[in-house]
Each structure stands twice: as structure tokens, then as C-alpha cells.
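Colleague: Structure incoming, see below.
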Amino acid sequence: MKKSIGTVYTFHGKETTIVIIYLGVGEDHEGAANWASNSPDILNVAVTRAKNRVIIVGNKKLWGDKEYFKEAVKELSRGLIL
């Protein structure tokens with residue numbers, strides 16, 4: 001199994017079976033979360049690279065209030081996204 005690690009933009013135009021999105025922003029760096037959630041592009045590119053499964057790792061409390069990410073958090077909470 002080939003494994004690749006990179007930014008969202010590294011994978012633009014590519015597909016893979018599983019995408020793991022690591023939202024490594026702590027509450028003390030909320031400015032970075034605000035920047036990432038300023039546009040749907042980052043989340044859209046990340047999610048649409050996956051053929052089979054998307055896994056999102058991050059602070060639910062922090063990202064659950066951010067534009068574009070809050071819908072993903074809501075769906076994950078309902079168990080609709082695996």
C-alpha cells in the first residue's frame with residue numbers, strides 16, 4: 001500500500017482510497033483555524049480526494065464553530081461520515 005503525506009494542495013487533482021485530514025490547530029492558535037475556514041476550498045479539496053473514506057482528526061469544539069467545517073462536524077456527530 002502506497003502512503004503519501006502532504007498538504008491539501010499536494011493532492012489537488014489526485015485521488016486515493018482513504019484521506020485522513022489532520023486539523024492540527026489548538027485553541028491557542030485559533031487564527032490558523034479562522035484562515036483555513038475562510039473558504040470552502042481547503043475542505044472541499046481534502047474531502048473530494050477520497051474514493052472510499054474520509055477521516056477527520058481535530059478539536060471538535062474548535063472546528064465545530066468554523067464556517068464550512070461545522071457541517072462536517074455535524075455529520076460526523078450523526079455518524080453519517082465514516
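The values are calculated or read from the model by the stated rules, or taken from the named source; none is laboratory data. On a predicted model such as this, the values are computed, not experimentally measured, just so you know. So basically every Cβ, Gly included, is an ideal-geometry build from the backbone, and we count neighbours across all protein chains shown.
Colleague: Could you tell me whether the range 22-29 includes any residue that is under 17 Å from ILE55 (Cα atoms) and not aliphatic (A, V, I, L, M)?
Modeller: Within the range 22-29, the subset under 17 Å from ILE55 (Cα atoms) is 22-25.
When the remaining residues are screened for being not aliphatic (A, V, I, L, M), the result is 22, 24.
Yes, because at least one residue in the range 22-29 is under 17 Å from ILE55 (Cα atoms) and not aliphatic (A, V, I, L, M).
Colleague: So LYS60 clears everything in (1) buried (at least 16 other Cβ atoms within 10 Å of the Cβ); (2) without any contact (Cβ under 8 Å) to a residue 24 or more places away in the chain; (3) touching a Leu at 6+ places or on another chain (Cβ under 9 Å) except one condition, right? Which one?
Modeller: Only one criterion in (1) buried (at least 16 other Cβ atoms within 10 Å of the Cβ); (2) without any contact (Cβ under 8 Å) to a residue 24 or more places away in the chain; (3) touching a Leu at 6+ places or on another chain (Cβ under 9 Å) is unmet by LYS60, namely (1).
Colleague: While we're on this one: Quick one: would you say THR7 is touching a Lys or Arg at 6+ places or on another chain (Cβ under 7 Å) and not basic (Lys, Arg)?
Modeller: Taking the combined requirement at face value, the residue does not satisfy it.
Colleague: Where residues in the range 28-58 are part of a loop (DSSP other than H, G, I, E, B) and either out of contact with any strand residue (DSSP E or B) (no Cβ under 7 Å at 6 or more places or on another chain) or of a type in the set (Phe, Trp, Tyr) (or both), which of them is nearest to ILE18 (Cα to Cα)?
Modeller: Of everything passing the filter in the range 28-58, PRO40 is nearest to ILE18 (Cα to Cα).
Colleague: When the residues of the range 1-37 are narrowed to those that are loosely packed, with under 10 Cβ neighbours inside 10 Å and touching a helix residue (DSSP H, G or I) at 6+ places or on another chain (Cβ under 8 Å), which ends up nearest to LEU62 (Cα to Cα)?
Modeller: The qualifying residue nearest to LEU62 (Cα to Cα) is GLU27.
Colleague: If you don't mind, another one. Take the range 1-52 and flag every residue that is charged (D, E, K, R) and at pLDDT below 85.
Modeller: Within the range 1-52, LYS2, LYS3, GLU27, ASP28, GLU30 meet the criteria.
Colleague: Could you list, in sequence order, all residues of the range 27-40 that are within 26 Å of GLY13 (Cβ to Cβ) and in contact (Cβ under 8 Å) with a residue 12 or more places away in the chain?
Modeller: Keep residues of the range 27-40 that are within 26 Å of GLY13 (Cβ to Cβ), which gives 32-33, 35-40.
Answer for the range 27-40, where residues must be within 26 Å of GLY13 (Cβ to Cβ) and in contact (Cβ under 8 Å) with a residue 12 or more places away in the chain: ALA33, ALA36, SER37, ASN38, SER39, PRO40.
Colleague: Which members of the range 1-14 meet the condition of being assigned to a loop (DSSP other than H, G, I, E, B), within 15 Å of the chain's Cα centre (by Cα) and touching a residue at least 24 places away in the same chain (Cβ under 8 Å)?
Modeller: HIS12
Colleague: Any residue in the range 69-78 that is exposed (fewer than 14 other Cβ atoms within 10 Å of the Cβ) and not in a helix (DSSP H, G or I)?
Modeller: Checked against the condition, which is being exposed (fewer than 14 other Cβ atoms within 10 Å of the Cβ) and not in a helix (DSSP H, G or I), the range 69-78 yields no hits at all.
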